[in-house]
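First comes the structure, then the notes that go with it.
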Amino acid sequence: MSWGQGVKAVLGAFIGVRKGAASQVDQALKPWQLIVTALALAAGLIAALLLLVSWVTR
């Protein structure tokens, strides 16, 4: 699995938009790699939102 494929799959799942051909490619990805990628992206989103709120409230 390339890191980019994992990010595409996880972002597609976050947004809820995925094409049929892309989902077939996603089946080759290992579940633990997708879980780690999802946790990292979720942590990044939370950090970005916290930074944005901190910046706006100052």
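The values are calculated or read from the model by the stated rules, or taken from the named source; none is laboratory data. Please read all numbers here as calculations on a predicted model, not as lab measurements. As a convention, Cβ positions derive from the backbone with ideal geometry for all residues, glycine included, and neighbour counts pool all protein chains shown. Accessible surface areas use protein heavy atoms only, side chains included; no ligands, DNA or RNA. Shrake-Rupley method; radii C 1.70, N 1.55, O 1.52, S 1.80 Å.
Details
- Among residues of segment 35-58 that are under 21 Å from I15 (Cα atoms) and open to solvent by less than 50 Å² (accessible area, probe 1.4 Å), those with a Cβ under 6 angstrom from a residue that is small (G, A, S) and in a helix (DSSP H, G or I), sequence gap 6+ or separate chain, pair up as T37/G6.
- Candidates A9, A21, A47, filtered to the one that is at pLDDT 90 or above and out of contact with any Cys (no Cβ under 6 Å at 6 or more places or on another chain): A47
- Total residues in segment 18-34, condition open to solvent by less than 90 Å² (accessible area, probe 1.4 Å), part of a helix (DSSP H, G or I) and hydrophobic (A, V, I, L, M, F, W, C): 4
- Filtered residues of segment 1-17 (kept if farther than 15 Å from A40 by Cβ and surrounded by 15 or more Cβ atoms within 10 Å (Cβ to Cβ)): G12
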